[in-house]
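For reference, the structure is listed below as structure tokens.
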Amino acid sequence: MHEIQQIDAEKYLMASAPRPSVLMAKGSGSWLWDTHDNRYLDFLQGWAVNTLGHCPVEIQQVLETQGRQLLTPSPAFHNKPQLQLAQLLCETTGAHQATFSVTGAEANEVAVKLARKWGQINRRGAFTILTATNSFHGRTLAMMAATGKSGFSQIFPPSVSGFHHVPYGDTSALTASIDDSTVAVMVEPIQGEAGVVVPPEGYLSELREVCDRYGLLLIADEIQTGCGRTGHFLAQSEDSMIADITTLGKGLGAGVPVSATLCSARAASFDPGDQGGTHCGNPLAMAVAHRVVQCVVAPGFLSTVREMGRALEEELIYLSAKTEGTVRGRGLMRALQLREPIAPAWTHRAREQERLLVNSPRETVLRLVPSLRVSASEIADGARRLAASYPKAS
Ligand SMILES: *Cc1c(COP(=O)(O)O)cnc(C)c1O
């Protein structure tokens, strides 16, 4: 077989996201190289996945050690890394129990299954879950129905039933939608794919009150916001919200596919046989995630994320004055909201001319999610590259 140089993506790959014609070859920290040895400053980091940057030494070590020791004994047996990770996540977040999957969408499916089971036991079979407009919860059939992106649930009819969308950030609209079939509310503490949309102050704690008043479960989808991304281990804690069920994905494995569903004692309702999967709790993934969480909760890590987040925010505010934009986000999850739909062009120019990787979840939104280990000089460098690639500069 000859080496793949030329990209002929349509030949063997089914259609997926539109992609530029570069092949990414290696990464280190905030930097990514393509096969032509072009070096990019990566403020995308696998879509907010590479918590510790590209190929962190700690993870290389875990992969080597665990890779030598045990890849999987099958889910029919316990393994030590899984027990260690479950304990560490519960101790870190105050959750009662954890269970593991591979992707974020799967972790959310588990959350929905937990809520429906709980509804069978506690709310006479109530099953409807209220989710927010413009939310994103994944691409399995059920998560496409849960996702509040318009048209998303109608691509592969029939859509999975049991989801109802309500406006994000509006507790009264949500309350008005509650009926006897409602069992839970599922929400992103900050909407990621919608363009880093931060809800109004107090929204999350109000949701907690509403759920308590009506006897519903509260599910926090922290797949993008969790694991330190916003400067706290969980974004919900900043708004003093404690969800009954929390999902983690993306950043949990720092580049290795793994996700988790955490629950309170109240929500714990699974019996043996309700949930599982061939790769769920895989020791290699568990050992990696355990190391990632250890790194994120180590003294000084999260305060540095907050500090670097402020530095990035300041750079973006400075830039927004020239580009007529506004800045949103928390920690190292930031976006520039633009007046005109120039984000795709800006993203393209940033990559092609300045070798800076950012993305545009909406045509008017630029999103920046650098490594949680990004340095102050890399942030300044990124801001310089972003300014230089502004498509409307004269
Ligand atoms: C990415 C994402 C998901 C889906 O995760 P996958 O690993 O792609 O299945 C779900 N919810 C949120 C908030 C996300 O950002």
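The values are calculated or read from the model by the stated rules, or taken from the named source; none is laboratory data. Bear in mind that the values here come from a model prediction, so they are computed numbers and not experimental data. All Cβ positions, even for glycine, are placed from backbone atoms using ideal geometry, and neighbour counts span all protein chains on display.
Take region 205-254 and flag every residue that is part of a helix (DSSP H, G or I), under 13 Å from VAL187 (Cβ atoms) and within 13 Å of the ligand (Cβ to nearest atom). Outline the logic, then answer.
In the first step, residues of region 205-254 are kept if they are part of a helix (DSSP H, G or I); the result is 205-214, 235-239, 250-253.
If we keep only those that are under 13 Å from VAL187 (Cβ atoms) too, we end up with 205-208, 210-211, 235-236, 239.
ALA235, GLN236 - these are the residues of region 205-254 that are part of a helix (DSSP H, G or I), under 13 Å from VAL187 (Cβ atoms) and within 13 Å of the ligand (Cβ to nearest atom).
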State whether one or more residues within region 69-85 are of a type in the set (Lys, Arg), over 19 Å from CYS280 (Cα atoms) and part of a helix (DSSP H, G or I).
no
Notebook entry, point to check: Does PRO20 qualify as being in contact (Cβ under 8 Å) with a residue 60 or more places away in the chain and surrounded by fewer than 22 Cβ atoms within 10 Å (Cβ to Cβ)?
Noted result: yes
Counted residues in region 90-146 being within 11 Å of the ligand (Cβ to nearest atom), outside any helix (DSSP H, G or I) and of a type in the set (S, T, N, Q) come to 5
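Please go through region 29-52 and give me each residue that is under 18 Å from PRO361 (Cβ atoms) and away from the ligand (no atom under 16 Å from the Cβ), ordered by number. Even if it seems obvious, please write down each step before you answer.
Initial filter on region 29-52 (under 18 Å from PRO361 (Cβ atoms)): 42-50.
Answer for region 29-52, where residues must be under 18 Å from PRO361 (Cβ atoms) and away from the ligand (no atom under 16 Å from the Cβ): ASP42, PHE43.
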Filtering region 31-61 down to residues that are surrounded by 22 or more Cβ atoms within 10 Å (Cβ to Cβ) and either part of a helix (DSSP H, G or I) or free of Cβ contacts under 8 Å to residues at least 40 places away in the same chain (or both) yields GLN45, ALA48, ILE59
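Report yes if SER161 is away from the ligand (no atom under 16 Å from the Cβ), of a type in the set (Ser, Thr, Tyr) and at pLDDT 95 or above, otherwise no. Give the derivation first.
On the way: away from the ligand (no atom under 16 Å from the Cβ): yes; of a type in the set (Ser, Thr, Tyr): yes; at pLDDT 95 or above: yes.
Spelling it out, SER161 is indeed away from the ligand (no atom under 16 Å from the Cβ), of a type in the set (Ser, Thr, Tyr) and at pLDDT 95 or above.
Which fully enclosed helices (runs of 4 or more DSSP H) of region 277-394 have 2 or more residues being among the β-branched types (Val, Ile, Thr) and over 25 Å from GLY27 (Cα atoms)?
Values: elements: 283-297, 301-323, 343-354, 376-388.
In region 277-394, the matching helices (runs of 4 or more DSSP H) lie at 301-323.
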